[in-house]
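A quick write-up on the structure given underneath.
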Amino acid sequence: LPILKESDETIAQKVAYALEKGLKVMPCIGELLEEREAGKTNEVNERQLKAIAGAVTDWTNVVIAYEPVWAIGTGKVATPEQAQEVHAHLRSWISENVSAEVAQSVRILYGGSVSPKNCEELSKQPDVDGFLVGGASLKPDFITVIKSYETSL
């Protein structure tokens, strides 16, 4: 939430605290529209992920959600190719900066305006491990989103 303006470090502290208390955690990372348009998508997501990675010692209870801020509740969505590109980059960053094992095992979900219209193509992307669905989960056709991922397995 832009209103809160939490720093990357604050998010990392919250992640560490929640894990310490035995919770499973799904931190969301993602860029603003102006950051995407300026070609800073990877830079922003790396910065956010670096703070989280510095606070996590055991990735067993961590799922990463890539949620481009420009797509939250706007109806705008990354193309399947854009989502895959970011997810692959995140997985590569994790491999280089955490471990190859964590990169293989950690789930990276896409959470930018997933809907019945775009879920089938998104679910086919090799590095998109699932979805973080907001408002669309309240609609009757949400079952389409669920089934799209089931058929991609």
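When you check L109 against the structure, is it within 14 Å of Y66 (Cβ to Cβ), at pLDDT 95 or above and not in a helix (DSSP H, G or I), yes or no? Spell out the reasoning first.
Numbers: within 14 Å of Y66 (Cβ to Cβ): yes; at pLDDT 95 or above: yes; not in a helix (DSSP H, G or I): yes.
When the stated conditions are applied, L109 passes them.
For region 66-80, indicate whether the set of residues that are crowded, with 16+ Cβ neighbours inside 10 Å, modelled with pLDDT of 95 or more and more than 27 Å from P140 (Cβ to Cβ) is non-empty.
no
In region 123-151, which residue that is closer than 21 Å to A88 by Cβ and touching a Cys at 6+ places or on another chain (Cβ under 9 Å) is least open to solvent (accessible area, probe 1.4 Å)?
This residue is S148.
Name the residue, out of E37, E9, that is surrounded by 11 or more Cβ atoms within 10 Å (Cβ to Cβ) and at pLDDT below 95.
Exactly one residue qualifies, and that residue is E37.
Which is open to solvent by 30 Å² or more (accessible area, probe 1.4 Å), within 25 Å of L138 (Cα to Cα) and modelled with pLDDT of 95 or more, of K14, K24?
Sole residue among the options that is open to solvent by 30 Å² or more (accessible area, probe 1.4 Å), within 25 Å of L138 (Cα to Cα) and modelled with pLDDT of 95 or more: K24.
Residues in region 81-106 that are more than 14 Å from N42 (Cα to Cα), open to solvent by less than 70 Å² (accessible area, probe 1.4 Å), in contact (Cβ under 8 Å) with a residue 40 or more places away in the chain and assigned to a helix (DSSP H, G or I): how many?
1
In region 109-119, is there at least one residue being open to solvent by less than 30 Å² (accessible area, probe 1.4 Å), over 14 Å from A78 (Cα atoms) and in contact with a strand residue (DSSP E or B) (Cβ under 9 Å, 6 or more places away or on another chain)?
No, region 109-119 contains no residue that is open to solvent by less than 30 Å² (accessible area, probe 1.4 Å), over 14 Å from A78 (Cα atoms) and in contact with a strand residue (DSSP E or B) (Cβ under 9 Å, 6 or more places away or on another chain).
Please state which of the following conditions K76 fails to meet, knowing it meets all the rest: (1) basic (K, R); (2) over 30 Å from G22 (Cβ atoms); (3) part of a helix (DSSP H, G or I).
Unmet condition: (3).
Mind listing whichever residues of region 19-43 are outside any loop (DSSP other than H, G, I, E, B) and touching a Gly at 6+ places or on another chain (Cβ under 8 Å)?
C28, the sole residue that qualifies.
The values are calculated or read from the model by the stated rules, or taken from the named source; none is laboratory data. What you see is a predicted model, and the numbers here were worked out from it, not measured in a lab. Neighbour counts are summed over all protein chains in view; Cβ atoms, including those assigned to glycine, are modelled from backbone coordinates with ideal geometry. Heavy atoms of the whole protein, side chains included, go into the accessibility calculation; ligands, DNA and RNA do not. Shrake-Rupley method; radii C 1.70, N 1.55, O 1.52, S 1.80 Å.
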